[in-house]
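First up is the structure itself, then whatever we jot down about it.
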Amino acid sequence: MFNIGAFFKDMFPPVETIQPMDAWTAAKKGKIVLIDVREAREIAASGKCKGALNVPMSMIRQKAGSGAEPFAPSNTFALYCANGARSLMAARTMKKLGYENVYNLGTFRDWVGAGLPVEK
């Protein structure tokens, strides 16, 4: 029998959010990988969270699918973008690939608004 709830859970796995300060605290301790899923031109215009890797949304499946560092499945990840939509989609993609510890950090504006460090 078809279970619509299970279907949607598989298609759209739930992704927890993480607050900018919590992500920064974990990143400083090497306990979380920050990933900016915006395009390079967006980062060039505004900067990025200090220490974040730039992996555009279009490359998440390929990079995460490789399992190569820093995309080891045992790592914890916090993804962000300009408005939170791409980071949510990227986090769901990673969940579908079997990653368990993936969080949506939301937006770069949230990070900046929290007074956290930015780099160009």
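Laboratory data are not the source of any read-out in this text; all were calculated from the coordinates shown. Only a predicted model underlies this, so the values are computations on that prediction, with no experimental measurement involved. Because the Cβ atoms are built from the backbone with ideal geometry, glycine has one as well, and the counts that use them run over all protein chains shown.
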Original post:
If we count other beta carbons within 10 Å of each Cβ, what is the order of Leu88, Leu116, fewest first?
Top reply: Leu116, Leu88
Subject >> Cβ-based net charge around Gly47, under 11 Å, with every Lys or Arg adding one and every Asp or Glu removing one >> reply: +1
Original post:
Taking the simple approach of a point 7 Å from Cα along Cα-to-Cβ for both Leu53 and Met21, what is their distance in nm?
Top reply: 2.8
Original post:
What share of the DSSP beta bridges in the chain is antiparallel, in percent to the nearest 5?
Top reply: 15
Subject >> MRE, 222 nm, helices only [DSSP H, n ≥ 4, -39500 (n - 2.57), over the chain, to nearest 500] >> reply: -11000 deg cm²/dmol
Subject >> Pairs of Lys in the chain closer than 13 Å at Cα, counting only those 8 or more apart or on different chains >> reply: 5
**OP:** Just check the chain against the gyration tensor rule for me: Cα atoms, a ≥ b ≥ c as the square roots of the eigenvalues, rounded for a/c under 1.5, and otherwise prolate or oblate depending on whether a/b exceeds b/c.
**Re:** prolate
